[in-house]
Amino acid sequence: MSSPYERGWVPPQQPASSTPAPGAPAPGPGVPVAAVAGVGPAAAAATPPLPLSPGEPGEPGIVVEHVGRAFGSVHAVVDASMVAPMGRVTGLIGPNGSGKTTLMLMLASLLAPDRGSIRIAGHDPVADPAAVRRLLGWMPDQLGSWATLSARTALTQTGRLYGLHKLQAAHRAAELIHLVDLGELADRPSRVLSRGQKQRLSLARALVHDPAVLLLDEPASGLDPAARVALRRTVRRLADEGRAVLVSSHVLAELDEMADTAVYLERGVTADAARIAATRVSERAWRIRTADLARDSDRLREALFRAGIPWERIEADAGGILVPVAGEARAAELLTRLVGEGIAISAFAPAVGELEHTFLDLSSGGGPA
Amino acid sequence: MIPFVTGVRVIAGLELRQRIRGVAWWVLLGVFGLLALVVTLIVLWGVGGLTDGYRSDPVGNAVFSTIVYFVLLLGTLVAPALSGNAINGDREAGTLATTQVTLVSTTQLVIGKFLASWISTLAFLVITAPLLILSLAIGGTTPGMVAVSLLVLAIELGVIAAIGTGLSGLVRRPLFSVAITYLVVAMLSLGTLISFGLGTLVAQEKYEYRGASYIYDDSTGNSECVVDDTTTTSTRARPDYVWWMLAANPYVVMADAVPTRYGSGDDPNDLFGFLKLTVRQLQKAPEPIEQQDPCNYTSDRYPSGREVIDSTVPSWFVGLAIHLGLAALALFGAVRATRAPAHRLAAGSRIA
């Protein structure tokens, strides 16, 4: 089996309704071809594209219903409802201060909600925190690590706190050090670790007890590109093994690459499915490139015009020709037509990431009441 | 949940390895050991414990009691620093929440941190072991004295460690919880003395007495005692009304609990005994005033230390109970305040 990471970057094997017709050449570097499929790249390979809405089939790892939490007069989370299914990566998206971390803390059994209900794999974190903690791994946004302890000791002791015996804990720590690639740094005090290395240690710590549900709060912040790729790979694999993974971030491009579905949180309120569905068919820019754009530009513009796109709305930027397209179905239709006219399309993808588009569309459509 | 002892042991182990046992702690321990050595040598020189071979009464107990008091003094000064940021320090470092999402319970967490602080404070007693053994070798100590004083010392250090750990869970900022722990130590050690002193000012009584004068009779050549016609009013302190304020003083608890060894003249000859006798004497009501007949006033024989101690009541268990109560209250409060999922949070506090 190829690694999730690799699968994330090869074109989908089974074209879904919106995938481009065969014959589209492989994209140049930097153009996420998988975005053609519309959703997450890996999702395109592993499963048919999913609408970006809560309430997927499959056993729910996290169910949140009308949860609210205030700190004094500050209403951090007002009304959040969401579902994170097992086996999927769910993005939790929102601007800074939208209540992502507060929601994460409530899910992690650290903070009690004022109202509403939370179920982690069927357990209530307020009524039965022990059951929840056994099943839940949490990677906080703030990187707390025991400065003078080595990564190995920290992981072993965390294992002990999850009820592993000494040998089990040591064995598990070794596994995790290998998994997050901390190798030769594992026996140095963790204060010498860089931010990215601490981030990996933090992820390893969240995985000590092999949890069924994972909460990752801004896991990629401070990571270099290589580490991000590795993280994405790890996260995909964790989900493919059947875990529910909830990843919060405000870097949407990053989530685009790993999330199957997404939950939008703004000013403490989650966007409902209907509003998200509406953004699905709203217009957004797609970028089209041909093998030799200078030569093909005029032909391409004419073909687009014939396909019904107003001349004045066909624009160009450094990366290619930009055209407004409403919805995946329309995009597929357009691509089929262009290919049919014999234009050598090398890239055909949304200019704005799926999550970013949805997010911006939701925000511009007026905030929640 | 994981077994109680396992959780406590892992937490205490982490605490000892990570937070307390740094370089600074070893340096502090070394400096303390040196100070204790210097104090011991000075006491030995002062009481002539090594040189005066002719002494019939060995002075090991004087040396021993001095070292124990020294450890109590330094221990109560160090314990707040070692325990006062156990919980909120972890919170600030971001390691508390990651511990709380494991299967360890809040009670295990608090108890583990308390034990770690206690153990690291007891190290200050352990490092003085050679000096204590030296004092035992000199002779003069009794098994009861050694057992009780070391036990009380360990408990008192534990009480401070518990109060510090508890306050670190109750107070948000490490700086304040350490400072408040120091204030508690000061309240018990000095505050009890101050309140006793103020108490004696308040608990004064007025009393009247008649003077007497001797009038020389020229004719007989004898002096005759004549009682004055007028009475004089004066005030005097009544420490026997307020002596109990000293009961919660850790030094008094220690002195009062230790079985006294009497030297020559039935008087104590070590620090435990001196302090015990001093406090016990305060219980004694002043002698009644001979108002009417000062000419026939005769003083009783001055009572010996043993007589004073035997005729007064011990108070150490009251003080110890107060200390243990404070310690239990602090730990209980910390468990309540640190419990997760948290319902109410102090303003400005953070979870992770």
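The numbers here are math on the coordinates, done by the rules we state, and not lab data. Note that the structure is predicted; figures quoted are calculated from it, not measured. Virtual Cβ from ideal backbone geometry, glycine too; neighbours counted across all protein chains shown.
Full extension of the chain between B:Leu37 and B:Ala212 gives 57.4 nm of extra length, using 0.36 nm per residue less the Cα-Cα distance.
Filter A:Lys100/A:Lys166; B:Lys206/B:Lys284; A:Lys166/A:Lys198 down to the pairs with a C-alpha to C-alpha distance above 27 Å, please. Too far apart for the 27 Å limit: A:Lys100/A:Lys166.
Values of log10 I(q)/I(0) for the protein assembly as shown across q = 0.07, 0.11 Å⁻¹ run -0.66, -1.11, by the Debye formula with one identical scatterer at each alpha carbon and no solvent. Charging the Cβ of each Asp and Glu at -1 and of each Lys and Arg at +1, and nothing else, the dipole of the range A:167-241 about its Cα centre rounds to 200 debye. Within 12 Å, Cβ to Cβ, of A:Gln197, how many net charges do the neighbouring residues add up to if Lys/Arg are +1 and Asp/Glu are -1? Around A:Gln197, the charge tally is +2.
With +1 assigned to the C-beta of every Lys and Arg and -1 to the C-beta of every Asp and Glu, and no other charges, what is the dipole magnitude of chain B about the Cα centre in debye, to the nearest 20?
Details: 23 positive and 24 negative charges, 600 e Å.
Dipole about the Cα centre, nearest 20: 2880 debye.
Using 0.36 nm per residue of separation minus the Cα-Cα distance, give me the extension gain between A:Ala226 and A:Glu283 in nm, one decimal.
Numbers: separation 57, 0.36 × 57 = 20.52 nm, distance 3.34 nm.
Stretched fully, the A:Ala226-A:Glu283 segment lengthens by 17.2 nm.
Helix B:174-186 sits at what angle to the longest principal axis of chain B, using alpha carbons and giving 0 to 90 degrees rounded to 10? So the helix axis and the longest Cα principal axis differ by about 20 degrees.
Highest GNM mean-square fluctuation among B:Asn61, B:Asn269, B:Asn222, for chain B modelled with Cα contacts below 10 Å: B:Asn222.
What is the sum of charges, Lys and Arg at +1 and Asp and Glu at -1, for the other residues whose Cβ falls under 12 Å from the Cβ of A:Ala253?
Once positives and negatives cancel, what remains is -3.
Among B:Phe124, B:Val27, B:Ser189, which residue has its Cα furthest toward the positive end of the charge dipole of chain B, with +1 on Lys/Arg Cβ and -1 on Asp/Glu Cβ? Checking the options against the dipole of chain B, the answer is B:Val27. Partner shielding of A:106-113 amounts to 5, given as the average count of beta-carbon atoms from other chains within 10 Å of each residue beta-carbon.
For chain B, the longest principal axis of the alpha carbon atoms and the long axis of helix B:106-126 meet at an angle near 50°.
All C-alpha pair distances within chain B, sorted into 10 Å bins from zero, spread as 5, 20, 24, 20, 14, 9, 5, 2, 1, 0, 0 percent across the bins. A simple count of charges around A:Lys166, restricted to other residues whose Cβ falls under 12 Å of its Cβ and scoring Lys, Arg +1 and Asp, Glu -1, yields +3.
Take every Cα pair under 8 Å in chain B that's 6+ residues apart, average their separations, divide by the length, and report that relative contact order as a whole percent. Display every interim value, and only then the final one.
Details: 502 pairs, mean separation 76.3, N = 352.
Relative CO of chain B lands at 22 percent.
The angle separating the long axis of helix B:60-83 from the principal Cα axis of greatest extent in chain B is about 40 degrees.
Straight-distance candidates among the aspartates and glutamates for linking to B:Lys113, with alpha-carbon spacing under 14 Å and chain neighbours fewer than 8 residues away dropped: B:Glu15, B:Asp90. The range A:157-217 and the range B:136-177 have Cα centres spaced 37 Å apart.
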